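The values are calculated or read from the model by the stated rules, or taken from the named source; none is laboratory data. Computed from a predicted model, the values in this text were never measured in an experiment. Here the Cβ positions follow ideal geometry from the backbone for every residue, glycine too, while neighbour counts run over all protein chains shown.
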């Protein structure tokens, strides 16, 4: 078992590949910082194989995280899945994200669905030291979130969904600091429309998801509060039939954290002015922070655009059973330096599907390089037919 300090883990989780960029550039590095960073980790292998895309892809059991409105278009009555993601595996061997998720369609018109998920993020085991460097025991920090969603078709081509989430984070470092908790909500929409493209009836998909809109979180009984990762996801894609058995889809997605940018000290700024900037940042409410997140970057509009994470992905399927995926994701070097290619594969039968993905970072010394994800999903109707 490898050991690593919690401070180092937190730094890696927030900056990813920033250190490598800092050595090559004099641009100010100012990523958008939030608490509970595990809420930003892609939990399922299908989306991961597409470059972390899921807002506008076709409906699947994993939609709760990306866009629960897709459940209203699911072809199966019910399904559930389990996913496992080793995290920072290049540094430690006991950090991982686990998720269980599922949905159930309701209503006589087959146009509504309930979804639920449970995510658990274990940060492994850490050795604690006092100010003198003496070993004072071990910590086992963890985070989890549980959520419910309801989706409804508002027309044959459009659905919306709402979700509620409870978030819990226990750093387990010092007994005088309690665990933090927060509540959040999601609002999502999804359009599924058939259009003619190059002489073939193709499926055009558009989606959005306003995620983790909720309270701030505190780890010191309210003395200070931190933002949770509220996020706006926008995506679109096209599913094109090559022939009766072969299909290919192309997708693009943009994600932006709805959290204020930390202020930067500028040349000539007095200490009082600097303190006021940071006080205003810390005292910003979560609701105000959503609106400020579009206009508050020190570098203006150009810096706001750098905070957008872009993803591009393609998926090939044969007979809706065999799947190959590829993708690319990019976040500006000063905002997280998340750059990498992804690859994935999947296999689906009537009763189950299995997906896997692999990340190849294009940034040197990125601890997320070579990350593997695995997901296993079960179709309830398929299982019932299997055992008849």
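Per-residue answers, yes or no, for (1) within 28 Å of residue 216 (Cβ to Cβ); (2) touching a helix residue (DSSP H, G or I) at 6+ places or on another chain (Cβ under 8 Å); (3) at pLDDT 90 or above; (4) surrounded by 16 or more Cβ atoms within 10 Å (Cβ to Cβ):
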residue: 260; (1), (2), (3), (4): yes, yes, yes, yes
residue: 267; (1), (2), (3), (4): no, no, no, no
residue: 280; (1), (2), (3), (4): yes, no, no, no
residue: 289; (1), (2), (3), (4): yes, no, yes, yes
residue: 307; (1), (2), (3), (4): yes, yes, yes, yes
residue: 317; (1), (2), (3), (4): no, no, yes, yes
residue: 325; (1), (2), (3), (4): no, yes, yes, yes
residue: 330; (1), (2), (3), (4): no, no, yes, yes
residue: 340; (1), (2), (3), (4): no, no, yes, yes
Discussion item. Looking at the structure I just gave you, is residue 231 closer than 22 Å to residue 161 by Cα and surrounded by 16 or more Cβ atoms within 10 Å (Cβ to Cβ)?
Written reply: yes
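Give me the strands (runs of 3 or more DSSP E) completely within the stretch 173-283, filtered to those with at least 1 residues that are over 26 Å from residue 55 (Cα atoms), ordered by residue number. Outline the logic, then answer.
Numbers: elements: 180-197, 200-214, 231-241, 246-257.
Because the criterion is at least 1 residues that are over 26 Å from residue 55 (Cα atoms), the strands (runs of 3 or more DSSP E) in the stretch 173-283 that meet it are 180-197.
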Worksheet item: Across the stretch 25-58, what is the number of residues that are farther than 25 Å from residue 227 by Cβ and surrounded by fewer than 24 Cβ atoms within 10 Å (Cβ to Cβ)?
Response: 3
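Could you name every one of the strands (runs of 3 or more DSSP E) located completely within the stretch 84-146 that has at least 2 residues being farther than 21 Å from residue 355 by Cα and in contact with a helix residue (DSSP H, G or I) (Cβ under 7 Å, 6 or more places away or on another chain)? Reasoning before the result, please.
Values: elements: 96-106, 112-122, 126-129, 135-139.
Result: 112-122.
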Discussion item. For residue 164, only one of the following conditions fails: (1) within 17 Å of the chain's Cα centre (by Cα); (2) surrounded by 15 or more Cβ atoms within 10 Å (Cβ to Cβ); (3) within 30 Å of residue 75 (Cβ to Cβ). What is its number?
Written reply: (2)
Item to complete: Taking residue 116 as meeting all but one of (1) under 20 Å from residue 190 (Cβ atoms); (2) touching a strand residue (DSSP E or B) at 6+ places or on another chain (Cβ under 7 Å); (3) at pLDDT below 95, write down the number of the exception.
Response: (3)
